[in-house]
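Please read the structure below before turning to the comments.
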Amino acid sequence: MKHTTSTGPHLVLLTVYAIFVLAAGARSLVQIATRFGDAPLAYVLSLVAAATYVAGWFAIRRAAAGSPAFAGVMLWVELAGVVVVGTLSLVEPDWFPDATVWSDYGRGYGWVPAILPVAGLIWLYRRPAEPRSQT
Amino acid sequence: MLDPVAWIVTGYAVLVTVAAVVGVALRAPRPRWLDQLAWMLTVLAVVLALVALAALSEGTRPESMSTYLGYVGAAVVMMPLALTSIREDRGPWSSGVVAAAALATGVVAVRIMMVR
């Protein structure tokens, strides 16, 4: 969980992303290793969620250092994942014999998976603009 | 033995979370005593881990051993990693990092009780 040196709300975002890398990654790896056949789609989607959190962590770190383009893409991708998987888990429950990280919009994790990309986008668009270099 | 210790860890984690959130709300630099509260939570998490491992030796067989051990390990390492990441930053938002790690430690303590 090494952070950029500049302080700000992104420190909290980075911490929560790191926790979710651990939570989603460990969960999906254990499920895939021990009972993949029970709910392959759900377990693969949990692994995708973990990969998204890894990318999100790097994206916020880069944005905090002055390169917001990657975060502008990744946070929307993450939000789309939560909305699509969350909706599918409600309208097509048969597709998900076991829950994914994003099932029911992240209800199993206190809806933090749905709140996190929104909080990230708010931070991204409200953070102070980088000062232009004077040449 | 596991339940009382886990509840103590959970209650103390909530206390640390509230103290850290107040620090963020007041926009105050992270006080030294918040670090000490956070390290004390780590000590309690280590005690919880030892009790959880002792429960295994006394015959407790969780449904998923890997999940159980994963939670035990996470409870111990989360706060030290968080504190290390903000070692050189005493800004108000660094208290938010402590709040997030403390809350996660409390949740993991509850999960240990649920999966054992």
How large is the translational diffusion coefficient of the range A:1-97 in µm² per second when you combine the Kirkwood radius over alpha carbon pairs with Stokes-Einstein at 20 °C and 1.002 mPa s? 148
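Suppose every Lys and Arg Cβ carries +1 and every Asp and Glu Cβ carries -1, with no other charges. What dipole size does the range A:39-126 come out with about its Cα centre, to the nearest 20 debye? Provide the component values of the computation, followed by the final result.
Details: 4 positive and 5 negative charges, 105 e Å.
Approximately 500 debye in magnitude.
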With all protein chains present and a 1.4 Å probe, the order of B:Tyr71, A:Tyr17, A:Tyr125 from largest accessible area down is A:Tyr125, B:Tyr71, A:Tyr17
Degrees between helix B:92-115 axis and first principal axis of chain B (Cα, 0 to 90, nearest 10): 10
Rounded to a whole number, what % of the accessible area of the range B:1-96 do carbon and sulfur atoms account for, probe 1.4 Å? 70
Is the C-alpha gyration tensor of chain B telling us rounded, prolate or oblate? Criteria: a/c under 1.5 is rounded; beyond that, a/b larger than b/c is prolate, otherwise oblate. prolate
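How much accessible area per residue does chain A have, in Å², with a 1.4 Å probe?
Value for chain A: 52 Å² per residue.
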Given a 10 angstrom Cα cut-off, can you work out which residue in A:Ala114, A:Ala51, A:Ala64 is the most mobile in a GNM of chain A? A:Ala51
Considering only protein heavy atoms, what per residue accessible area in square angstrom results for chain B with a 1.4 angstrom probe? 49
Ranked by accessible surface with a 1.4 Å probe, highest first, in what order do B:Arg87, B:Arg116 come? B:Arg87, B:Arg116
Tally up the carbon and sulfur contribution to the accessible surface of the range A:39-126 as a whole percent, 1.4 Å probe, everything protein left in place. 71
Cα centroid of the range B:92-116 to Cα centroid of the range A:64-135, whole Å: 21
Which Cα, out of A:Thr87, A:Val44, A:Phe70, lies furthest along the positive dipole direction of the range A:39-126 (beta carbon charges, K/R +1, D/E -1)? A:Phe70
Please state the relative contact order of chain A as a whole percent: Cα pairs under 8 Å, 6+ residues apart? 24
Using a probe radius of 1.4 Å on protein heavy atoms only, what is the accessible area buried between chains A and B, both sides summed, to the nearest 100 Å²? 1100
Residues with beta-carbon under 12 Å from that of A:Gln31, excluding A:Gln31: net charge, scoring Lys, Arg +1 and Asp, Glu -1? 0
P(r), alpha carbons of the range A:21-66 - 5 Å bins starting at zero, rounded %: 5, 25, 24, 16, 11, 8, 6, 3, 1
As a test question: what accessible area, to the nearest 10 Å², does B:Arg90 have when a 1.4 Å probe is rolled over all protein chains in place? 60
Connecting C-alpha atoms closer than 10 Å in a GNM of chain B, tell me which of B:Gly70, B:Gly96, B:Gly59 has the biggest fluctuation. B:Gly59
Over the Cα atoms of the protein assembly as shown, what Rg and Dmax result, in angstrom? 18.9, 71
Taking a spot 7 Å from the Cα of B:Thr60 along the direction of its beta carbon, which residues of the range A:10-31 have an amide N less than 14 Å from it? none
Compute the signed sum of charges (Lys and Arg +1, Asp and Glu -1) over the other residues within less than 14 Å, Cβ to Cβ, of B:Ser66. +4
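The values are calculated or read from the model by the stated rules, or taken from the named source; none is laboratory data. Note that the coordinates shown come from a computational prediction; the quantities given were computed from them, not determined experimentally. Heads up, the Cβs are rebuilt from the backbone with ideal geometry, glycines too, and the neighbour counts pull from every protein chain shown. Quick note on the areas: whole protein, heavy atoms, side chains included, nothing else; ligands and nucleic acids left out. Shrake-Rupley method; radii C 1.70, N 1.55, O 1.52, S 1.80 Å.
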